[in-house]
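The block underneath contains the structure these notes are about, expressed in structure tokens.
The values are calculated or read from the model by the stated rules, or taken from the named source; none is laboratory data. Please read all numbers here as calculations on a predicted model, not as lab measurements. Cβ placement follows ideal geometry from the backbone for every residue including glycine, while neighbour counts extend to all protein chains displayed.
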Amino acid sequence: MMLPGPDTININDYQYDLPHDRIAEFPLEARDSSKLIICRDHEIAMGHFRDLPDYIPNQSLMVFNETRVIQARIIFYKESGARIEVFCLEPLEPSKHFELAFQQKGPVTWKCLVGNVKKWKQGVLIKEVKIGDLQIKLQATLKQSLEDAFLIEFSWDEPGLTFSEVLDASGQVPLPPYIKRASIASDKVRYQTIYAKDEGSVAAPTAGLHFTEQLIQQLLKNEVQFKKLTLHVGAGTFKPVSARRIKDHTMHSEQVIFSKDLLETLLSRPDDHLTAVGTTSVRSLESLYWLGIQTVTKNIKPDGFMIRQWEAYEQTNTEPSKNDALSAILSYMESHDLSSISGSTQMIIVPGYRFRFVDALVTNFHMPKSTLLLLVAALVGEPWRDVYQTALQNDFRFLSYGDSCLFFKQS
């Protein structure tokens, strides 16, 4: 039986009026010059992102998502001139793990979206790509039609190149669908955090786009400890909630990776204030607790895990402590000599959820009636409405290239 929250939430209660001209089409020249709105204990303040160190508690923890956006959008042209757009979502063969898939030097099969697929009924699409001094041919073959996507095999005629190198040269920045322009060269840098590392996202963890090296150094001077995790953001992050009741919405799943170092830090500093940078970091950290619950109560092996959508809302007779949950995962990792564990999370966070790790959230402004807005409301409560209204009244810029918020968990 689920807790009352998910069962009663009506997505229409999370609507607000967002004029299109408030959606940022381009980033500001300086990353940390974005506006910042702060909400703590129902009080709202405004400043700029460069002021963030003034609000983050000294000697606290800050957790980032170090995923890297891939050049997921590939444009092909048939001999007839028809334009076919292939949007890479996730690898399937020979490996489903992003890191291994990108290192392949032979054919790979990916789950993809295809634009104008009616013009591609058969045959191989070819795109000529220049990589350094090499001129290669990238081929795409449609192998299978799925309910919501297609299986596409990619191959290329230079066996010394990895798929990562090929995709980086042949693809384009996958700007969100609400940005109504083509990508430009600067997007390749600006739609990427400065600490991005692990390739796999088709959308940026946008809260991190505001950070600069100077700002990070200032936080370090305040003895803020940085830790990283990886959640590869999927296209499902833009999936609208079409069901009126949130309990009828199907959440997308995404790959997530936790390092042993992160778990050891969380275990050694259980009461320290933790600020998550981005909703993806929140979903990951909170999923980590439920992974520990699986390990403790169900004897499930943590590596290759799956956190189901409503798992956190199901009634259990016993709920192990946060430290017990982390200790169980660490024990498994140590016994199997693992430096990291990976799996998937479908977890949805909605009002009524009790946070185990996160005390504050750095995030951008989110679409009306979205699961990301529900997550914000779960953390801060009803004041989210005042924050968004204040932002609209003060010319804040919204969504991926827009301004930012710092929300403290409601007491």
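Where residues in the range 329-376 are assigned to a loop (DSSP other than H, G, I, E, B) and either of a type in the set (Gly, Ala, Ser) or not assigned by TED's automatic domain parsing to the domain that holds residue 313 (or both), which of them is surrounded by the fewest Cβ atoms within 10 Å (Cβ to Cβ)?
Selected residue: 339.
If you check residue 74 against the conditions, is it at negative phi, at pLDDT 95 or above and touching a Gly at 6+ places or on another chain (Cβ under 8 Å)?
So residue 74 fits the description; yes.
Any idea which of (1) hydrophobic (A, V, I, L, M, F, W, C); (2) over 30 Å from residue 60 (Cα atoms); (3) touching a helix residue (DSSP H, G or I) at 6+ places or on another chain (Cβ under 8 Å); (4) in the same structural domain as residue 305 (by TED's automatic domain parsing) is the one residue 235 doesn't satisfy?
For residue 235, the failing item is (3).
I need the full set of residues from the range 36-50 which are crowded, with 17+ Cβ neighbours inside 10 Å and not in a strand (DSSP E or B), in order please.
Once the filter is applied, which keeps residues that are crowded, with 17+ Cβ neighbours inside 10 Å and not in a strand (DSSP E or B), the range 36-50 yields 49, 50.
Mind counting the residues in the range 154-169 that are in contact with a Lys or Arg (Cβ under 8 Å, 6 or more places away or on another chain) and more than 19 Å from residue 93 (Cβ to Cβ)?
Number of matching residues: 3.
Would you mind finding the one in 221, 227, 260 that is touching a strand residue (DSSP E or B) at 6+ places or on another chain (Cβ under 8 Å), surrounded by fewer than 18 Cβ atoms within 10 Å (Cβ to Cβ) and not small (Gly, Ala, Ser)? Walk me through how you get there before you give the answer.
Numbers: 221 fails: touching a strand residue (DSSP E or B) at 6+ places or on another chain (Cβ under 8 Å); 227 fails: surrounded by fewer than 18 Cβ atoms within 10 Å (Cβ to Cβ).
Step by step, each of 221, 227, 260 is checked, and only 260 is touching a strand residue (DSSP E or B) at 6+ places or on another chain (Cβ under 8 Å), surrounded by fewer than 18 Cβ atoms within 10 Å (Cβ to Cβ) and not small (Gly, Ala, Ser).
Are any of the residues in the range 118-126 within 30 Å of residue 210 (Cβ to Cβ) and either in contact (Cβ under 8 Å) with a residue 60 or more places away in the chain or not hydrophobic (A, V, I, L, M, F, W, C) (or both)?
no
When residues of the range 377-411 are filtered for being assigned to a helix (DSSP H, G or I) and farther than 12 Å from residue 38 by Cα, how many remain?
Final tally of qualifying residues: 7.
Does residue 177 satisfy being exposed (fewer than 14 other Cβ atoms within 10 Å of the Cβ), modelled with pLDDT under 95, under 21 Å from the mean Cα position of the chain (by Cα) and in a loop (DSSP other than H, G, I, E, B)?
So residue 177 passes the test.
Is it the case that residue 212 is under 18 Å from residue 404 (Cα atoms), surrounded by 21 or more Cβ atoms within 10 Å (Cβ to Cβ) and modelled with pLDDT of 95 or more?
Taking the combined requirement at face value, the residue does not satisfy it.
Output the residues belonging to the range 257-315 that are closer than 26 Å to residue 7 by Cβ, in contact with a Leu (Cβ under 9 Å, 6 or more places away or on another chain) and basic (Lys, Arg).
Listed by number, the list holds a single entry, 283.
Within the bounds of the range 129-140, is there any residue that is among the basic types (Lys, Arg), assigned by TED's automatic domain parsing to the domain that holds residue 91, modelled with pLDDT under 95 and within 16 Å of residue 85 (Cβ to Cβ)?
Taking every residue of the range 129-140 in turn, none turns out to be among the basic types (Lys, Arg), assigned by TED's automatic domain parsing to the domain that holds residue 91, modelled with pLDDT under 95 and within 16 Å of residue 85 (Cβ to Cβ).
For the range 137-162, which positions are over 11 Å from residue 113 (Cα atoms) and of a type in the set (Gly, Ala, Ser)?
Answer for the range 137-162, where residues must be over 11 Å from residue 113 (Cα atoms) and of a type in the set (Gly, Ala, Ser): 140, 155, 160.
Rundown of residues vs (1) closer than 17 Å to residue 250 by Cα; (2) among the basic types (Lys, Arg); (3) over 26 Å from the mean Cα position of the chain (by Cα), yes/no style:
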position	(1), (2), (3)
296	no, no, yes
305	no, no, no
309	yes, no, no
312	yes, no, no
322	no, yes, no
338	no, no, no
352	no, no, no
